[in-house]
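As structure tokens, the structure follows; a few thoughts come after it.
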Amino acid sequence: MTTSNPQSFERESSWNIDQATFLKALRQRYTFDKVFATLALLAVVFSLFVLAVLLIDVFIDGIGRVNWSFLTSFPSRRPAEAGLVSALVGTVWVMVLVALITFPVGVGAGVFLEEFISDNWFARAIEINISNLAAVPSIIYGLLGLQVFVRVMFPITQGRSILSGALTLSLLVLPIVIIATRESLRAVPGSIRQAGFALGATRWQVVREHVLPLAMPGVLTGVILALSRAIGETAPLITIGALTYIPFLPELSLKGLQSPFTVLPIQIFNWVSRPQADFYSLAAGGIIVLMVVLLLMNATAIYLRNRFQK
């Protein structure tokens, strides 16, 4: 008759206990994962339901006001004669300028910070400040634009003009473009850079011909997000003094950049703030037009992004 080793028996018992504890913890983790996934799904469904209700309500109230006369008439105190052509043209002007300013400056800054600047305290300080600027409230950018672009740069911008509004919104969305550009460049494999250097290319040639084209889809995604935020901003433009009533259209020239302006969010805000019920349907129609402009702008950017991906 053989007797078992007490030490071996203790190790086997300890192993069984540890295995049971591990399996119990694993089952609890799977349970928590299922609960969290269910809660996240419910949150998404609830958010989409609320969004659908709001959109349906807006379409019911405003779709009857969206017609050619509404798109080609100027604002008026009479709801039946009011339109938003000045706000629509102002929005297009401002967004074109924001895109022309933000894309080269934001992408250039992102490329320089990620590919050319050395890793030192100055670069880290700039990176921290850019990340902080992305979270600054938009009203702060409006105050900055009021002081710098409206007052200090008055000989160039002529005060409360389209150019001042575009520069202010460009400052607002530049951190988004810079951060998106840097993240897209980081996603490009380092072997691409090493292969270019091995063939004798300079750093700028490697970035221009190989790295940046591969990162361009991610860069354009950041630009889409930035422009989507800029088109709906109201607080900074109100702060710099954008008007709520414009009975004329700016000239299609460089001089037109110095004209007073209004945009769709400000016009919608003006209509919503009026006590007459008829202006609410005008505001709903303005929201529909704003969403159509946003979708067209995003569709163009997505088409360009898909072409770069191919």
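The values are calculated or read from the model by the stated rules, or taken from the named source; none is laboratory data. Remember, predicted model here, so these are calculated numbers, not experimental data. When we count neighbours, we look across all protein chains shown, and the Cβ atoms used for this are built from the backbone with ideal geometry, even at glycine.
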Fill in: Which numbered condition Gln258 misses (of (1) under 24 Å from the mean Cα position of the chain (by Cα); (2) at pLDDT below 85)
(1)
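Quick grid of which residues meet (1) without any contact (Cβ under 8 Å) to a residue 24 or more places away in the chain; (2) of a type outside the set (Ser, Thr, Tyr):
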site	(1), (2)
Leu172	no, yes
Pro175	no, yes
Thr181	no, no
Arg186	no, yes
Ile192	yes, yes
Thr202	yes, no
Glu209	yes, yes
Leu214	no, yes
Response to the item:
Among helices (runs of 4 or more DSSP H) entirely inside the stretch 187-246, those with 1 or more residues being among the charged types (D, E, K, R) and more than 22 Å from Val292 (Cα to Cα) are 190-198, 203-206
Worksheet item: If you check Arg274 against the conditions, is it basic (Lys, Arg) and closer than 30 Å to Val111 by Cα?
Response: no
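Just to confirm my filter: which helices (runs of 4 or more DSSP H) fall fully inside the stretch 59-163 and include at least 2 residues that are surrounded by fewer than 16 Cβ atoms within 10 Å (Cβ to Cβ), aliphatic (A, V, I, L, M) and assigned by TED's automatic domain parsing to the domain that holds Gln258?
Numbers: elements: 68-72, 85-111, 121-133, 138-145, 154-157.
In the stretch 59-163, the matching helices (runs of 4 or more DSSP H) lie at 85-111, 121-133, 138-145.
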